[in-house]
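Participant: Have a look at this one before I ask anything.
The values are calculated or read from the model by the stated rules, or taken from the named source; none is laboratory data. In this text the structure is predicted, and so the values were computed from the model without any measurement. Positions of Cβ are generated from backbone atoms using ideal geometry, with glycine treated the same way; all protein chains shown enter the neighbour counts.
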Amino acid sequence: MNNDFTEDVKLARKGDSEAFSRLYSIVYKDLYRIALYSLRNSHDACDVVSDTVLDAFCSIGSLRDEAAFRLWIMRILSAKIKRKQRDYFTDIVELTEETEPAVEFNCEKTELKHAMDALEPRSRLILSMSVLEGYTSGEIADICGIKANTVRSVLMRTKKKLRMLIED
């Protein structure tokens with residue numbers, strides 16, 4: 001995870017779109033994976049990543065520490081995910097007999113999916129950043145704007161809850 005972004009960030013800050021494209025090619029999989037596990041919907045994950053990249057491209061000039069590019073773009077992503085999660089509680093879609101299922105049923109993933117669905121959004125975000133992407137508690141704390149000890153506590157409680165939910 002220790003990529004040296006400094007040269008490409010310097011170029012991107014001067015308007016070099018190819019340099020920004022190289023930066024994007026390094027982080028896009030991480031962005032999508034975190035968004036997907038947090039939002040549990042591939043369309044919303046794509047939308048959030050697109051919004052994140054657009055915002056990052058438009059505001060890269062405000063990035064002061066070139067070496068902090070990954071944390072900076074993850075902070076943008078985190079804010080977009082939180083906004084989208086709030087939309088879930090305001091957008092109510094009426095289901096009818098004609099409504100098509102979004103994803104085919106898969107018995108093997110059902111137990112884990114139900115356990116993940118039972119987690120609160122912040123816990124799901126922190127878990128995905130830690131387990132799937134390997135971010136440290138300090139990095140997650142910087143991205144989410146909370147203390148590293150809080151991240152560790154949330155991770156410990158979340159893992160314990162997942163174990164209990166899956167074992168039941």
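Participant: Restricting to the range 135-168, and then to whatever is of a type in the set (Val, Ile, Thr) and without any contact (Cβ under 8 Å) to a residue 60 or more places away in the chain, can you tell me which residue is nearest to residue 71 (Cα to Cα)?
Facilitator: 140
Participant: Among the residues of the range 44-84, write down those that are part of a helix (DSSP H, G or I) and either loosely packed, with under 10 Cβ neighbours inside 10 Å or modelled with pLDDT under 85 (or both).
Facilitator: 58, 62
Participant: Could you grab me the full set of residues in the range 61-80 that are closer than 13 Å to residue 6 by Cβ and without any contact (Cβ under 8 Å) to a residue 60 or more places away in the chain?
Facilitator: 63, 64, 65, 68, 72 - these are the residues of the range 61-80 that are closer than 13 Å to residue 6 by Cβ and without any contact (Cβ under 8 Å) to a residue 60 or more places away in the chain.
Participant: A follow-up question, please. Check the range 39-59 and report whether any residue there is touching a Ser or Thr at 6+ places or on another chain (Cβ under 6 Å) and outside the structural domain of residue 138 (by TED's automatic domain parsing).
Facilitator: Scanning the range 39-59, I find no residue that is touching a Ser or Thr at 6+ places or on another chain (Cβ under 6 Å) and outside the structural domain of residue 138 (by TED's automatic domain parsing), so the answer is no.
Participant: Turning to a different aspect of this structure: Which residue, of 167, 94, 111, is at pLDDT below 85, more than 21 Å from residue 46 (Cα to Cα) and in the same structural domain as residue 27 (by TED's automatic domain parsing)?
Facilitator: After ruling out the rest, the residue left standing is 94.
Participant: While we're on this one: Which one of the conditions (1) outside any helix (DSSP H, G or I); (2) under 20 Å from residue 133 (Cβ atoms) does residue 38 fail to meet, given that it meets all the rest?
Facilitator: Checking residue 38 against (1) outside any helix (DSSP H, G or I); (2) under 20 Å from residue 133 (Cβ atoms), the one that fails is (1).
Participant: Among the numbered criteria (1) of a type in the set (Lys, Arg); (2) surrounded by 13 or more Cβ atoms within 10 Å (Cβ to Cβ); (3) under 19 Å from the mean Cα position of the chain (by Cα), which one does residue 22 miss?
Facilitator: Here residue 22 meets the rest and fails (3).
Participant: Looking only at the range 121-168, which residues are outside any loop (DSSP other than H, G, I, E, B) and of a type in the set (D, E, K, R)?
Facilitator: 122, 124, 139, 142, 152, 157, 159, 160, 161, 163, 167
Participant: Return the only residue of 75, 83 being over 19 Å from residue 141 (Cβ atoms) and not assigned by TED's automatic domain parsing to the domain that holds residue 142.
Facilitator: So the residue among 75, 83 that is over 19 Å from residue 141 (Cβ atoms) and not assigned by TED's automatic domain parsing to the domain that holds residue 142 is 83.
Participant: Give the range 1-35 a look and list any residue that's of a type outside the set (D, E, K, R), free of Cβ contacts under 8 Å to residues at least 60 places away in the same chain and not in a helix (DSSP H, G or I), or say none.
Facilitator: Listed by number, the residues that qualify are 2, 15.
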